Structures are given as structure tokens and as C-alpha cells.
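The values are calculated or read from the model by the stated rules, or taken from the named source; none is laboratory data. Bear in mind the structure is a predicted one, so any value in this text is a computation, not a measurement. Heads up, the Cβs are rebuilt from the backbone with ideal geometry, glycines too, and the neighbour counts pull from every protein chain shown. Only protein heavy atoms, including side chains, enter the accessible area calculation; ligands, DNA and RNA are left aside. Shrake-Rupley method; radii C 1.70, N 1.55, O 1.52, S 1.80 Å.
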Amino acid sequence: MRSRHLLTYLILAASILFCACGRQKEYSNFQHVSTTGWDKTDTLFFDIPPIKKDGTYREELELRIDNNFPFQSLTLEVIQTILPSDRQTNYELHCPLIDQKGNMRGAGISFFQYTFPIDNMLLSTGDSIHISVTHKMKREIMSGVADVGISLTKQ
């Protein structure tokens, strides 16, 4: 019986390792948001350096919020330009953060982290990406947002 459990754990560990090896994080960076709040006119910029290998990449936006976040969701505008082709794409992301009962949907204790998909894109060697992120909420200054990040993972 003990060897069956050991075999199950080994297969599970090998599966996780196999899945993790198929994906390579090409880029991950967070920008800190002012503790006084994220002003509607403040734009966060991310510059992904030239890609090393052709392929399909998953782009995600990551958020960290604290208990001072006043709404159930956050709407963000993400504008990206892929260089050197100057292909520009605009995304409006609706990010649900707190459920109807007031419970945080993210993982954490005093800060809660979330990940939202932006796009799966085909990139060529040498492509770089310039990304800007702004909040699109009616409130001018958004409290409770601690960090905003962008990650790019090769699929």
C-alpha cells in the first residue's frame, strides 16, 4: 500500500515537472503604485526586451491589492506595441477581485495577488513589446492597488 502512494506521488511530481519544463517565463516585472493611490492620469510602462526565440507567448497582467481596495472589480486599459512592426493592440481588461460577499478572490493574507490573461501571441525573434497600463475607473484616484505586473511566458 505504501509503495502505491509513493508511486502516485512520484508520477504527480514528474507530471508537474514535465508541465513546468514546457513553459519558459521570458519576462516578469512589477511596477509599484503609490500608497496615496493610483491617479487616473498615471500610466505604468513596461518594456519587454527583444524575444530570443520564435513562438507563441502567453501575456498576463498581474495585480496585488490590499484590504483598502474599494470595489469588487477593476477595469484597466492595456495598450501594447510590438516592435519593429509597430503593431498596436488595445485591450480593456475587467478584473474581478472581490466576490458578492466581500471575500477576496486572490491568494494572500494582507496583500492579494491575481493573474489575468491578456493575449496569446505569435512573436518572432527580435520582437520587443512596449506596454502601457492605466485604470479606467470613474474614481480619479484608485486606492488599494499596490503593484501591477506584466509577464510573458513561452508556450
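Each Lys or Arg adds one and each Asp or Glu takes one away; over the other residues whose Cβ falls under 10 Å from the Cβ of Gly55, this sums to +1. By accessible area, using a 1.4 Å probe on protein heavy atoms only, the chain has 54% of its surface on carbon and sulfur.
Using r as the Cβ-Cβ distance of Leu83 and Ser34, and R0 as 25 Å, what FRET efficiency do you calculate, to the nearest 0.05? Calculated transfer efficiency: 0.30. Annotation: extensible slack from Asp47 through Lys138 equals 30.0 nm (criterion: 0.36 nm per residue apart, minus Cα-Cα distance). With the chain treated as a Gaussian network of Cα nodes joined by springs under 10 Å, which of Ser73, Ser85, Ser132 yields the largest mean-square fluctuation? Comparing Ser73, Ser85, Ser132 in a Gaussian network model of the chain, the most mobile one is Ser85. Note on Lys53: lysines with a C-alpha under 30 Å away, same-chain residues under 8 apart excluded, are Lys25, Lys154. Taking all protein chains into account, the per residue accessible area for region 37-155 stands at 51 Å² (1.4 Å probe). In this simple spin-label model, placing a label point 7 Å from the Cα along the Cα-to-Cβ direction at both Gln24 and Thr125 gives a separation of 1.2 nm.
Ratio of Rg to Rh for region 22-155: 0.99 [Cα atoms; Kirkwood radius as inverse mean 1/r over pairs]. Per residue, the average separation of C-alpha pairs within less than 8 Å and at least 6 apart gives the chain a relative contact order of 44 percent.
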